[in-house]
1. Specify the residue with the greatest mean-square fluctuation among Arg97, Arg13, Arg118, computed from a Gaussian network of the chain linking alpha-carbon atoms under 10 Å apart.
2. Once the whole set of protein chains is in place, how much accessible area is left on Thr99, using a 1.4 Å probe, in Å² to the nearest 10?
3. What is the ratio of the Cα radius of gyration of the stretch 1-100 to 2.2 N^0.38 Å, with N the residue count, to two decimals?
4. Using a 1.4 angstrom probe on the protein heavy atoms only, could you order Asp80, Asp143, Asp157 from most to least accessible area?
5. Return the Rg/Rh value of the chain, two decimal places, where both radii are evaluated on C-alpha atoms and Rh is the Kirkwood radius.
6. For the stretch 105-167, what is the convex hull volume of its Cα atoms per residue in Å³?
7. What residues qualify as long-range amide H neighbours of Ser134, i.e. H under 5 Å apart, gap of 5 or more or another chain, H built at 1.01 Å from N?
8. In the Gaussian network model of the chain, springs joining C-alpha atoms below 10 Å, which of Gly35, Gly150, Gly11 carries the largest mean-square fluctuation?
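The values are calculated or read from the model by the stated rules, or taken from the named source; none is laboratory data. Nothing here was measured: the structure is a model prediction, and the numbers come from that model. FYI the Cβ positions are ideal-geometry reconstructions off the backbone, even for glycines, and counts take in every protein chain you see. All accessible areas refer to the heavy atoms of the entire protein, side chains included, with ligands and DNA or RNA removed. Shrake-Rupley method; radii C 1.70, N 1.55, O 1.52, S 1.80 Å.
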Amino acid sequence: MTADPQPTPIGERLKAAFRSHPAGIAIITAATGTGPVGLTASSVASVAVDPAAIVFSVTRATGSAGAILGAETFVVHLVDDEHTALAQSFAVSGADRFTAEQGWTALETGEPVLPTARAALRCRALHSVVVGSSTVVIAEVLDVLLGDPGTPVVYLDREFHPIPRRR
């Protein structure tokens, strides 16, 4: 068994720097032969609109991350403050996922989808690059399902924080 890589002093300072840099929250899901999988990510960003593409990274290529990396398609859910408990459960290994109470349904193509998400982006990977213990994925957006926007939320200093909307 391989030990988890230990960050260098620069890596530790990089983690500290990004701990104070707010990031949006997404839940990424996929259907596999053994059932649905999912994880929480704060590294999702838009790359291009023509072709429509996004980028995200996952740590390690095992478990849910490995299943998503191996899936033909997946759904990236951009979530709001009302989804923080759900995002937290998808960030913890072994937590309850895809329960009836959480409100999941499935697209016609089989991927799990959260109808209450601000947006759900159905994607397929175009490129992936391994960087240390992480994998960076550039994905083509195949479809965009827009939901009702709620109160935006960001991840900052290891906590979820709602952002009041300006009127």
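1. Highest fluctuation among the options: Arg13.
2. Ignoring ligands and nucleic acids, Thr99 comes out at about 40 Å².
3. Output field value: 1.18.
4. On the way: Asp80 0, Asp143 75, Asp157 95 Å².
Listed by decreasing accessible area, they come as Asp157, Asp143, Asp80.
5. Values: Rg = 15.7 Å, Rh = 16.6 Å.
Ratio of gyration radius to Kirkwood radius: 0.95.
6. Working: hull volume 9.5 nm³, N = 63.
Looking at the stretch 105-167, the number lands at 151 Å³ per residue.
7. So Ser134 has HN proximity to Arg60.
8. Sorting by GNM fluctuation, first place goes to Gly11.
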